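Notes follow once the structure below has been shown.
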Amino acid sequence: MKQLGLSFVALAALAACAPSFSPDTAVSYKEILRMSEKQPYECAQYDAASDTCEVVSTIKENRDGTVAVRSQFQANIFAPATITIDANLTPDGARLCGDYKNVGITVDSNLTAGENRDLAEILRQTLQAYGTVCGAYYRRGAGIVAVSEYPDGRLVEDQPVLGVQFFPEAKPLRDLQP
């Protein structure tokens with residue numbers, strides 16, 4: 001889901017219409033890695049009034065050239081839950097891509113451990129239905145947004161555009177908004 005330090009990993013949990021973006025406004029994942037060196041916590045949809053985020057992610061380059069992304073978000077599925085998605089993504093130009101087959105997904109809620117595992121598996125299957133998806137960043141006004149794209153550059157239709165900011169400390173989560 002919308003992720004990556006890139007929030008695109010957590011995007012599948014949300015729904016919204018996504019506009020198109022010009023390649024000349026793309027922000028390379030390398031630039032995102034540089035930004036996250038001093039402020040390692042990417043916050044999607046920051047709300048200053050509550051000092052909270054809808055998604056908090058970290059992004060780190062692995063020795064093999066892939067990029068490790070951990071994204072956390074809260075959702076009320078059958079009970080309030082914190083969902084963590086860990087992925088190793090492959091660079092594709094300015095973007096990072098993956099297919100959700102080998103991601104780690106955990107659900108932490110007041111349900112039983114077995115129910116949490118079942119929810120994680122349902123989420124994995126839902127994400128895998130998208131096939132390969134790329135997380136991309138673009139400049140929008142004075143800020144940066146994260147989107148989900150297919151490898152051919154088409155935006156994933158039911159995924160939101162998430163404004164992202166970086167912070168030195170993880171901000172508290174608030175529930176994802178549809």
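Each reported figure results from applying straightforward, stated rules to the coordinates on display, with no laboratory input. Just so it is clear, the structure is predicted and the values come from calculations on it, not from any experiment. Neighbour counts run over all protein chains shown; Cβ positions are idealised from the backbone, glycine included.
Here the label points at Gln39 and Asp24, each 7 Å from Cα along the C-beta direction, are separated by 2.7 nm in the simple model. Lysine pairs in the chain whose alpha-carbon atoms fall under 22 angstrom of each other, counting only those eight or more residues apart or on distinct chains, come to 10.
When the chain is described by a simple charge dipole with +1 on each Lys and Arg Cβ and -1 on each Asp and Glu Cβ, the residue from Gln74, Ala87, Leu176 located farthest towards its positive end is Ala87. Peptides 58-65, 156-163 ranked from most to least packed give 156-163, 58-65, packing being the mean of other C-beta atoms within 10 angstrom over each peptide's residues.
Tell me whether the range 46-113 comes out rounded, prolate or oblate; compute the Cα gyration tensor, take square roots of the eigenvalues as a ≥ b ≥ c, and use a/c under 1.5 as the rounded threshold. Because a/c hits 1.5 or more and a/b fails to exceed b/c, the range 46-113 counts as oblate. Diagonalising the gyration tensor over the Cα atoms of the chain and scaling each eigenvalue by 5 before taking the square root yields semi-axes of 23, 18, 16 Å, largest first.
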